[in-house]
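Participant: First, the structure itself, so that you have it in front of you.
The values are calculated or read from the model by the stated rules, or taken from the named source; none is laboratory data. Remember, it's a predicted structure, so these values are computed and weren't measured experimentally. Cβ atoms come from the backbone with ideal geometry, glycine included; neighbour counts cover every protein chain shown. In case anyone asks, the SASA skips ligands and DNA or RNA and just uses the protein heavy atoms, side chains included. Shrake-Rupley method; radii C 1.70, N 1.55, O 1.52, S 1.80 Å.
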Amino acid sequence: MPVVKISLRQVSILTALYTIGSAILIVPSSMASIAKQDAWIACLVGTGLGFIILALQLQLFKKYPETNLMQLSEKLFGKWIGKTINLLFLLTLFLGGPATVLHEIGIFMTIQMLPETPIQAIIFLFGALVVLGVRLGLEVLARSAEMLFPWFLLLFLSMSLLLLSEIKWENAMPILESGINPFFPAAVSFVSITFLPNVVLMIIYPGAVNRPSETYKAVYIGSLFGAMVLFTIIALTILVLGPDITARNLYPSYMLAKKINIGNFLQRIEAVMAVMWFITLFYRISLFFYAIAIGVSQIFNIKNYQPLVVPLGWILAAVSVFIYPNVPFKLVWDTKTWIPYTITIGFILLLLLFGMHGLRKIGSKKNKKSSKSA
């Protein structure tokens with residue numbers, strides 16, 4: 001497999017765009033439906049909880065800086081058990097990651113922007129862009145992210161500043177109306193979308209970074225930036241739209257952009273939000289898909305992952321079309337299935353790896369003692 005190395009700056013940018021991903025459009029609604037006007041507080045609680053989980057993820061890989069998640073699984077569980085775990089992990093990841101996010105694009109476009117366009121056409125076109133980017137490699141994705149990140153930042157700051165005149169502080173009142181009980185479920189919902197899926201990046205990092213021992217710092221910075229962007233979007237949707245409209249709307253942040261009106265001249269610039277979302281979604285799906293291609297090549301000992309990209313891309317596009325039969329099914333899946341799934345792959349799997357690491361460490365110490373006594 002060709003040697004791929006990206007810089008710490010590129011790691012931070014990719015992590016930030018991956019963290020924001022689809023959350024910039026869908027998280028405000030789910031948070032407001034649980035915590036209502038206190039969703040912004042729940043976001044802060046979720047960020048704190050997310051960094052604890054992120055520290056757990058990164059702590060394990062600080063012990064094995066030259067390996068990725070696939071290699072670490074085989075190293076700790078053994079070749080065959082490790083490969084079986086990796087295969088099941090990638091299979092569920094394929095269905096729960098890029099396929100669902102790619103379908104999300106199709107739903108958004110057909111509901112909000114291109115209602116006459118078949119969802120299949122949107123999915124296949126965006127999927128083709130993802131396949132092209134992944135086939136070109138991680139270094140190309142990282143350099144393109146460096147180029148697009150300032151534009152994302154400019155659009156985000158512009159939209160945030162233009163919305164300041166629309167803020168109604170009474171929308172955030174009364175604070176703690178329902179107490180602190182809604183905070184934990186809302187925080188878990190936030191973490192399940194923004195922090196727990198970061199375990200996927202551990203298939204790419206730290207082995208692909210030019211300074212692997214410092215990768216965790218770059219991941220922290222990128223995750224913190226992503227969380228700050230999402231906190232700002234959640235706070236703005238609550239303050240501008242109100243908690244009830246935010247909770248009822250499928251894409252409240254897209255509706256938020258429609259509220260911008262400067263002198264009846266600068267208005268209806270919701271395309272700004274759409275462009276921001278397309279940028280973050282592209283890197284969310286691309287990193288998901290790249291990690292899957294890398295993982296499959298490592299399981300089957302294929303030296304170059306690139307021949308796998310096109311056939312996997314066809315499968316991805318086909319699965320994305322049929323993965324949700326309708327929007328109500330999607331909403332139930334997001335609330336009932338997604339959270340347990342991400343906890344399993346982003347937390348429980350890491351606990352198992354930590355447990356195996358501890359058992360192997362104890363076993364190696366016993367072997368050393370027995371060899372010395374002999």
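Participant: Out of all the residues in the stretch 120-142, which are in a helix (DSSP H, G or I) and of a type in the set (Gly, Ala, Ser)?
Facilitator: Selection gives Ala121, Gly127, Ala128, Gly133, Ala142.
Participant: Looking at this structure, is Ile123 β-branched (Val, Ile, Thr) and open to solvent by less than 10 Å² (accessible area, probe 1.4 Å)?
Facilitator: yes
Participant: Listed residues Thr117, Thr100; which is open to solvent by less than 50 Å² (accessible area, probe 1.4 Å), of a type in the set (Ser, Thr, Tyr) and not in a helix (DSSP H, G or I)?
Facilitator: Thr117
Participant: Please enumerate the residues belonging to the stretch 70-97 that are without any contact (Cβ under 8 Å) to a residue 40 or more places away in the chain and surrounded by fewer than 18 Cβ atoms within 10 Å (Cβ to Cβ).
Facilitator: Lys75, Gly78, Lys79, Trp80, Ile81, Thr84, Leu88, Leu91
Participant: Go through (1) touching a residue at least 24 places away in the same chain (Cβ under 8 Å); (2) assigned to a helix (DSSP H, G or I) for Tyr205 and report which single condition fails.
Facilitator: (2)
Participant: Going through Val219, Val199, Val240, Val191 one at a time, which residue ends up being in contact with a Lys or Arg (Cβ under 8 Å, 6 or more places away or on another chain), part of a helix (DSSP H, G or I) and β-branched (Val, Ile, Thr)?
Facilitator: Answer to the selection: Val240.
Participant: Right, something else. Can you report the number of residues in the stretch 174-222 which are more than 30 Å from Lys36 (Cβ to Cβ), modelled with pLDDT under 85 and hydroxyl-bearing (Ser, Thr, Tyr)?
Facilitator: Count: 4.
Participant: Which residues, taken from the stretch 205-224, are closer than 25 Å to Thr100 by Cα and open to solvent by less than 10 Å² (accessible area, probe 1.4 Å)?
Facilitator: Of everything in the stretch 205-224, those that are closer than 25 Å to Thr100 by Cα and open to solvent by less than 10 Å² (accessible area, probe 1.4 Å) turn out to be Tyr205, Val219, Gly222, Ser223.
Participant: Shifting gears a bit: Tell me, please, whether a residue that is farther than 25 Å from Asn181 by Cβ and not in a helix (DSSP H, G or I) can be found in the stretch 21-29.
Facilitator: Checked against the condition, which is being farther than 25 Å from Asn181 by Cβ and not in a helix (DSSP H, G or I), the stretch 21-29 yields at least one hit.
Participant: If you don't mind, another one. May I ask you to list pairs of residues, at least six apart or on different chains, whose Cβ atoms are under 8 Å apart, with the first in the stretch 103-116 being within 13 Å of Ile285 (Cβ to Cβ) and the second being among the charged types (D, E, K, R)?
Facilitator: Final answer for the pair search is His103/Lys330.
Participant: Being in contact with a Pro (Cβ under 6 Å, 6 or more places away or on another chain) and either open to solvent by 60 Å² or more (accessible area, probe 1.4 Å) or under 21 Å from Val199 (Cβ atoms) (or both), is that true of even one residue in the stretch 35-51?
Facilitator: Yes, the conditions are met somewhere in the stretch 35-51.
Participant: For Ala128, work out the one condition from (1) under 30 Å from Lys258 (Cβ atoms); (2) open to solvent by less than 50 Å² (accessible area, probe 1.4 Å); (3) among the small types (Gly, Ala, Ser) it doesn't fulfil.
Facilitator: Among (1) under 30 Å from Lys258 (Cβ atoms); (2) open to solvent by less than 50 Å² (accessible area, probe 1.4 Å); (3) among the small types (Gly, Ala, Ser), Ala128 violates only (2).
Participant: On to the next question. Quick one: is Asn68 modelled with pLDDT of 85 or more and within 25 Å of Ile193 (Cβ to Cβ)?
Facilitator: No, not satisfied.
Participant: Anything in the stretch 255-276 that is open to solvent by 10 Å² or more (accessible area, probe 1.4 Å), at pLDDT 70 or above and not charged (D, E, K, R)? List them, or say none.
Facilitator: Listed by number, the residues that qualify are Met255, Ala271, Val272, Val275.
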